[in-house]
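See below for the structure under consideration.
Just so it is clear, none of the values below were taken in a lab; they were calculated from the coordinates. The structure presented is a predicted model; accordingly, all values stated were derived computationally and were not measured.
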Amino acid sequence: MTGHSDTGRQLLEQSRSALRQNDRRSARRLAQMAVGADPQLREAWEIMAELSTGSARQAYLERVEQLTPVAKITKADLKSITPSSRIDHEKKEGKYF
């Protein structure tokens, strides 16, 4: 699997380079090849979305969303969110009299 990942990353870098040179056709083709080698390369999907329109763009953006990690909330974070802390914050913001 590492071979696919290395190949995908190389193709992604070539895609970035083509994009910097405003060679949109090559950038898109190389990004497509990159995700063919490693479907987990979020940035390659982003490049394809940037260079596409319509339903293809939407499909690529949905894949980007699937690959974007969601922030994890810890129990400590949840404990720090209390009704009284929210009310205190809203009082400071002028939402309560």
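Laid out as a table, the results:
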item: Additional length obtainable on full extension of the chain from THR7 to THR53, 0.36 nm per residue less Cα span; result: 13.9 nm
item: Cα gyration tensor shape for segment 2-67, rounded if a/c is under 1.5, else prolate or oblate; result: oblate
